[in-house]
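Enquirer: I'd like to ask you about the structure that follows.
The values are calculated or read from the model by the stated rules, or taken from the named source; none is laboratory data. Remember, predicted model here, so these are calculated numbers, not experimental data. All Cβ positions, even for glycine, are placed from backbone atoms using ideal geometry, and neighbour counts span all protein chains on display. With ligands, DNA and RNA removed, areas are computed over all heavy atoms of the protein, side chains included. Shrake-Rupley method; radii C 1.70, N 1.55, O 1.52, S 1.80 Å.
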Amino acid sequence: MENQKDRKTSTVEKEPFQIFEEPEDPSSRSFFSEIISSISDVKFSHSGRYMMSRDYLSVKVWDLNMESRPLETHQVHEYLRSKLCSLYENDCIFDKFECCWNGSDR
């Protein structure tokens, strides 16, 4: 049998990549900011042009051609913002939520 060369490529990223991040308002920063802003799910639209991300209190729709800010932000369970301490104490703040496209883009 002929010797096979190892065809693995380097795991170091050599190509440019995109970072989708909305600037945080420093005045709204709290102990829970990092926890509730952690992304628990991402889905791409059927066309591949948009991306939806889900964190603890919001769903954001991003245009893949515009990474500076989301096109849309939808607050979900906003009433939980005042209950973050008790959610943290019983570990519910670490629950993960999924998002889903409904059949058409945006």
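Enquirer: Taking the condition of being in contact (Cβ under 8 Å) with a residue 12 or more places away in the chain and not in a loop (DSSP other than H, G, I, E, B), how many residues in region 45-80 meet it?
Expert: Number satisfying all stated conditions: 17.
Enquirer: Inside region 61-72, can you point out the residues that are open to solvent by 40 Å² or more (accessible area, probe 1.4 Å) and either touching a strand residue (DSSP E or B) at 6+ places or on another chain (Cβ under 6 Å) or of a type outside the set (D, E, K, R) (or both)?
Expert: Selection gives N65, M66, S68, L71, E72.
Enquirer: Would you say E21 is surrounded by 10 or more Cβ atoms within 10 Å (Cβ to Cβ), modelled with pLDDT of 80 or more and either part of a loop (DSSP other than H, G, I, E, B) or in contact with a helix residue (DSSP H, G or I) (Cβ under 7 Å, 6 or more places away or on another chain) (or both)?
Expert: Details: surrounded by 10 or more Cβ atoms within 10 Å (Cβ to Cβ): yes; modelled with pLDDT of 80 or more: yes; either part of a loop (DSSP other than H, G, I, E, B) or in contact with a helix residue (DSSP H, G or I) (Cβ under 7 Å, 6 or more places away or on another chain) (or both): yes.
Judged against the criteria, E21 is a match.
Enquirer: So Q75 fits all but one of (1) open to solvent by less than 60 Å² (accessible area, probe 1.4 Å); (2) touching a strand residue (DSSP E or B) at 6+ places or on another chain (Cβ under 9 Å); what number is the exception?
Expert: (1)
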